[in-house]
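Structure first, commentary second.
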Amino acid sequence: MENVFNIPQLSGNLRKELLQSAAEQFGTPLYVYDLERIEARFNALKQAFAGRKALVCYALKANSNLSVIKKLASLESGADCVSLGEIKRAVMAGIPKYKIIYSGVGKQDFEIKEAISLGILFINVESKEEMLRVEACARELGISARISIRVNPDIDPQTHPYISTGLKENKFGVSIEEAKGMYLHAHNAEFLEPIGIHFHIGSQLTKLKPIAESAQKIAQLTQSLLALKIDIKFFDIGGGIGITYSDESTISPYDYAQAILAELRGLDVTIVCEPGRFIVGNSGVFLTKVLYQKENQGKRFVIVDGAMNDLIRPSLYAAYHQILALKNMESKGEAEVAGPICESGDYLGKNIVLPHCERGDILAVLSAGAYGFSMASNYNTRPRCAEVVVENGKIRLVRKRESFEDLIALEKEYL
């Protein structure tokens with residue numbers, strides 16, 4: 001069996017011949033997801049918590065394709081959602097409502113009401129004002145709302161500042177002291193039922209120490225809440241386990257679980273974790289076709305049909321993705337892989353070692369299964385690309401390529 005924690009590579013289902021075939025059959029740009037690798041990643045994390053009450057809730061924001069969610073639903077996954085739209089996707093794909101968590105800092109009343117009415121597991125509240133809105137919505141519906149409070153442990157996650165969420169200067173969650181007052185209010189409120197506690201310190205975490213320190217802080221708070229007869233049933237540790245894009249050392253599921261469990265001795269709670277990138281990141285590849293090759297004063301550019309509207313991580317975070325040419329060619333040199341969008345920041349990779357490329361050659365951008373298509377846009381009136389999955393050696397279309405008509409469908413009637 002393939003080691004599912006290896007560095008980015010084309011192996012297993014996502015071999016070069018299959019990717020070349022996918023590009024020829026469905027065109028480019030194109031996202032390709034390996035469902036069997038997704039299953040292996042999910043099961044590895046689920047197995048790490050075996051023997052304890054635990055629920056793995058896949059974070060839909062990483063990749064919200066319905067076929068990907070449906071695959072995870074078949075593996076008994078829950079769902080971590082940050083919008084009403086994601087909740088509806090989870091339900092449509094077969095995830096039970098009682099396994100759905102609703103997070104996010106900007107929930108609107110209509111979203112809160114529908115989430116309560118659906119009977120999801122709980123709502124993660126991010127501020128006192130939001131908790132009071134949840135209470136008001138629940139009172140209006142005449143239904144008690146199950147909630148968890150997101151506590152900000154003020155721990156440096158040692159990750160990119162844009163994806164850090166657990167420091168006091170971040171917009172997420174409340175301090176430990178404020179959380180205590182919120183729990184007391186919820187405990188005494190007629191239409192609130194505080195059943196969980198939550199923390200999430202950031203994404204692409206590669207160090208275990210910040211996670212363990214955060215778990216320790218929140219476990220201590222949980223003990224104090226239980227002493228006040230506030231019945232906390234769910235201990236939500238968030239997500240954020242990093243993957244390898246280049247040469248990062250990552251956290252194994254076993255070590256991750258053991259670090260958390262070590263801080264929960266004596267606590268009879270169900271552990272909830274919310275992985276996204278860990279499950280789908282290394283399970284996806286973005287394919288793009290070479291259009292031109294050019295040089296400007298000694299700098300080489302490989303111009304491709306994929307762009308920042310398709311995969312924005314390099315432009316947004318200066319994120320690195322390994323890029324391979326599917327054709328085996330020997331002479332190699334550094335190049336910037338750039339897209340056709342009218343922005344200097346439109347690139348998929350800088351200082352990428354590639355062979356001489358000809359028009360029509362296919363490049364594979366690895367580790368693109370997370371925050372790729374889910375962050376795509378129609379900038380420059382570019383239709384979003386197609387998505388396919390690979391399972392049992394077969395390629396299957398799971399989202400067709402958008403057309404120009406799709407893009408203007410909501411506008412043309414007003415001309």
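The values are calculated or read from the model by the stated rules, or taken from the named source; none is laboratory data. As the structure is a prediction and not an experimental result, all values here were calculated from the model. Here the Cβ is made from the backbone with ideal geometry for all residues, glycine too, and neighbour counts use every protein chain on show. Side chains included, ligands, DNA and RNA excluded: accessible areas come from the protein's heavy atoms. Shrake-Rupley method; radii C 1.70, N 1.55, O 1.52, S 1.80 Å.
Once region 312-326 is narrowed to residues that are out of contact with any Leu (no Cβ under 6 Å at 6 or more places or on another chain) and without any contact (Cβ under 8 Å) to a residue 40 or more places away in the chain, the residue that is surrounded by the most Cβ atoms within 10 Å (Cβ to Cβ) is Ser315. Tell me yes or no: at least one residue of region 253-267 is under 17 Å from His200 (Cβ atoms), of a type outside the set (Gly, Ala, Ser) and in a strand (DSSP E or B). Looking for residues that are under 17 Å from His200 (Cβ atoms), of a type outside the set (Gly, Ala, Ser) and in a strand (DSSP E or B), one finds none in region 253-267, hence no. Only a single criterion out of (1) in contact (Cβ under 8 Å) with a residue 12 or more places away in the chain; (2) over 17 Å from Ser21 (Cβ atoms) is not satisfied by Glu391, namely (2).
Does region 105-113 include one or more residues that are crowded, with 16+ Cβ neighbours inside 10 Å and under 30 Å from Arg265 (Cα atoms)? Checked region 105-113: no residue is crowded, with 16+ Cβ neighbours inside 10 Å and under 30 Å from Arg265 (Cα atoms). Within region 98-135, how many residues are of a type in the set (Asp, Glu) and touching a Lys or Arg at 6+ places or on another chain (Cβ under 8 Å)? Counting residues in region 98-135 that are of a type in the set (Asp, Glu) and touching a Lys or Arg at 6+ places or on another chain (Cβ under 8 Å) gives 3. If you filter region 47-94 down to residues that are in contact (Cβ under 8 Å) with a residue 24 or more places away in the chain and of a type in the set (Ser, Thr, Tyr), you find that the one that is surrounded by the most Cβ atoms within 10 Å (Cβ to Cβ) is Tyr58. Across region 294-309, the number of residues qualifying as surrounded by fewer than 19 Cβ atoms within 10 Å (Cβ to Cβ) and either more than 9 Å from Ala338 (Cα to Cα) or not assigned by the TED database to the domain that holds Glu334 (or both) comes to 7. What do you reckon, is Ser377 in contact (Cβ under 8 Å) with a residue 60 or more places away in the chain, over 17 Å from Leu19 (Cα atoms) and part of a loop (DSSP other than H, G, I, E, B)? When the stated conditions are applied, Ser377 passes them.
Conditions (1) surrounded by fewer than 20 Cβ atoms within 10 Å (Cβ to Cβ); (2) closer than 25 Å to Ala368 by Cα; (3) of a type in the set (Asp, Glu); (4) touching a residue at least 12 places away in the same chain (Cβ under 8 Å), marked per residue:
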{"position": "Pro194", "(1), (2), (3), (4)": "no, no, no, yes"}
{"position": "Phe199", "(1), (2), (3), (4)": "no, no, no, yes"}
{"position": "Thr206", "(1), (2), (3), (4)": "yes, yes, no, yes"}
{"position": "Ala215", "(1), (2), (3), (4)": "no, no, no, yes"}
{"position": "Ile218", "(1), (2), (3), (4)": "no, no, no, yes"}
{"position": "Leu221", "(1), (2), (3), (4)": "no, no, no, yes"}
{"position": "Asp231", "(1), (2), (3), (4)": "yes, no, yes, yes"}
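All conditions in (1) part of a helix (DSSP H, G or I); (2) at pLDDT 95 or above hold for Gly196, with the sole exception of (1). Any chance region 296-308 includes a residue that's out of contact with any Leu (no Cβ under 7 Å at 6 or more places or on another chain), touching a residue at least 60 places away in the same chain (Cβ under 8 Å) and closer than 30 Å to Asp80 by Cα? Checking region 296-308: at least one residue is out of contact with any Leu (no Cβ under 7 Å at 6 or more places or on another chain), touching a residue at least 60 places away in the same chain (Cβ under 8 Å) and closer than 30 Å to Asp80 by Cα.
Taking Ile237, is it under 20 Å from Phe122 (Cα atoms), at pLDDT 90 or above and open to solvent by less than 10 Å² (accessible area, probe 1.4 Å)? So Ile237 fits the description; yes. Within the set of pairs 6+ apart or on separate chains, which have a first residue in region 126-138 that is more than 13 Å from Ile116 (Cβ to Cβ) and touching a residue at least 40 places away in the same chain (Cβ under 8 Å), a second that is loosely packed, with under 15 Cβ neighbours inside 10 Å and among the hydroxyl-bearing types (Ser, Thr, Tyr), and C-beta atoms under 6 Å apart? Final answer for the pair search is none. For region 31-44, residues that are buried (at least 22 other Cβ atoms within 10 Å of the Cβ) and either under 22 Å from His198 (Cα atoms) or acidic (Asp, Glu) (or both) total 2. When each of Asn351, Asn380 is tested for being of a type outside the set (D, E, K, R), within 24 Å of Asn328 (Cα to Cα) and surrounded by fewer than 18 Cβ atoms within 10 Å (Cβ to Cβ), the lone residue that passes is Asn351. Hey, can you tell me all the residues within region 354-370 that are in contact with a Leu (Cβ under 9 Å, 6 or more places away or on another chain), within 24 Å of Leu60 (Cα to Cα) and assigned to a loop (DSSP other than H, G, I, E, B)? Leu366, Ala368, listed by residue number. Within region 114-135, being in a helix (DSSP H, G or I) and open to solvent by 10 Å² or more (accessible area, probe 1.4 Å) holds for Glu114, Ile116, Ser117, Leu118, Lys128, Glu129, Glu130, Leu132, Arg133, Glu135. Within the span defined as region 270-293, every residue fails to be free of Cβ contacts under 8 Å to residues at least 24 places away in the same chain, open to solvent by 10 Å² or more (accessible area, probe 1.4 Å) and either closer than 30 Å to Ala227 by Cα or not assigned by the TED database to the domain that holds Ala219 (or both).
If you go through region 398-415 and keep only what is surrounded by 15 or more Cβ atoms within 10 Å (Cβ to Cβ) and either in contact (Cβ under 8 Å) with a residue 40 or more places away in the chain or out of contact with any Pro (no Cβ under 8 Å at 6 or more places or on another chain) (or both), you end up with Val398, Arg399, Arg401.
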